[in-house]
Amino acid sequence: MSHVVNYFTKVAELTKQIDLSKISKLAGALKELRENKGRLFILGVGGSAANASHAVNDFRKLCKIETYSPTDNVSELTARTNDEGWNTVFVEWLKVSNICEKDAILVLSVGGGNEEKQVSVGLIHALKEAKQKNAKVYGILGKDGGYTAQIADIAVVIPPIDDSLITPLSEAYQAVVWHCLVSDPELQLISTKW
């Protein structure tokens, strides 16, 4: 029982500490993206890739934002990984998608990438391409020291309140934050069924 109590105590603490103004700012930026007919590309690896897929559905269906995630096409993802290497799969996918200044990337990640430690380097290459093409970069992240947080136009950082729970709380709160966004009256155009 002690783990369960600790986990949900941390959830309550985290909820009180998260920067709500950043989430509100991100909602405004995504509304502007839609008004300008820009596309949203959601990037994530591991559990965050699964979250990216779910978020694509919500932004498309509820908010009518043209949204994609490269990890939704497992055939292309694995072909690129096999033929070109994992570190370039996202950047090459973005090049084919002709990412441009009207578009934005939303990174869902625990750490946000770290070139020195060779962690999530594929995200870093994709973000460099996005910046080169003047696309916006947003993030929902579990750490503020990673590459995404350093270069993002808006980074919502899930407060890392317990080192042993950074990954589960970060990935859980990615869903909390994007569900807040897609239910925001400024963004949501289609009601949910329930």
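A compact table of results
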read-out: Odd one out for residue 135, checked against (1) closer than 30 Å to residue 163 by Cβ; (2) surrounded by 17 or more Cβ atoms within 10 Å (Cβ to Cβ); value: (1)
read-out: Filtered residue count, segment 1-38, keeping only those that are of a type in the set (Lys, Arg), within 20 Å of residue 188 (Cβ to Cβ) and in contact with a helix residue (DSSP H, G or I) (Cβ under 8 Å, 6 or more places away or on another chain); value: 1
read-out: Residue in segment 75-85 that is more than 16 Å from the chain's Cα centre (by Cα) and under 24 Å from residue 179 (Cβ atoms) present; value: no
read-out: Residue within segment 99-112 that is farther than 19 Å from residue 40 by Cβ and surrounded by fewer than 17 Cβ atoms within 10 Å (Cβ to Cβ) present; value: no
read-out: Subset of segment 109-129 [touching a helix residue (DSSP H, G or I) at 6+ places or on another chain (Cβ under 7 Å), more than 22 Å from residue 15 (Cβ to Cβ) and not acidic (Asp, Glu)]; value: 113, 114, 121, 122, 123, 124, 125, 126, 127
read-out: Counted residues, segment 109-141 - those being modelled with pLDDT of 95 or more and small (Gly, Ala, Ser); value: 5
read-out: Residue tally, condition touching a residue at least 60 places away in the same chain (Cβ under 8 Å), assigned to a strand (DSSP E or B) and hydrophobic (A, V, I, L, M, F, W, C), over segment 94-123; value: 5
read-out: Qualifying position, being free of Cβ contacts under 8 Å to residues at least 24 places away in the same chain and not acidic (Asp, Glu), among 48, 53; value: 53
read-out: Residue within segment 147-163 that is closer than 23 Å to residue 80 by Cβ and touching a strand residue (DSSP E or B) at 6+ places or on another chain (Cβ under 8 Å) present; value: yes
read-out: Candidates 75, 48, filtered to the one that is exposed (fewer than 15 other Cβ atoms within 10 Å of the Cβ), of a type outside the set (Lys, Arg) and either in a helix (DSSP H, G or I) or at negative phi (or both); value: 75
read-out: Residue pairs meeting the criteria (Cβ under 8 Å; at least 6 apart or on separate chains; first farther than 23 Å from residue 180 by Cα, in segment 144-164; second at pLDDT 95 or above and not in a helix (DSSP H, G or I)); value: 146/109; 151/137
read-out: Tally of residues being in contact (Cβ under 8 Å) with a residue 40 or more places away in the chain, farther than 17 Å from residue 181 by Cα and either polar (S, T, N, Q) or surrounded by 12 or more Cβ atoms within 10 Å (Cβ to Cβ) (or both) across segment 7-37; value: 7
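The values are calculated or read from the model by the stated rules, or taken from the named source; none is laboratory data. These numbers come from a predicted model, not from an experiment. Neighbour counts run over all protein chains shown; Cβ positions are idealised from the backbone, glycine included.
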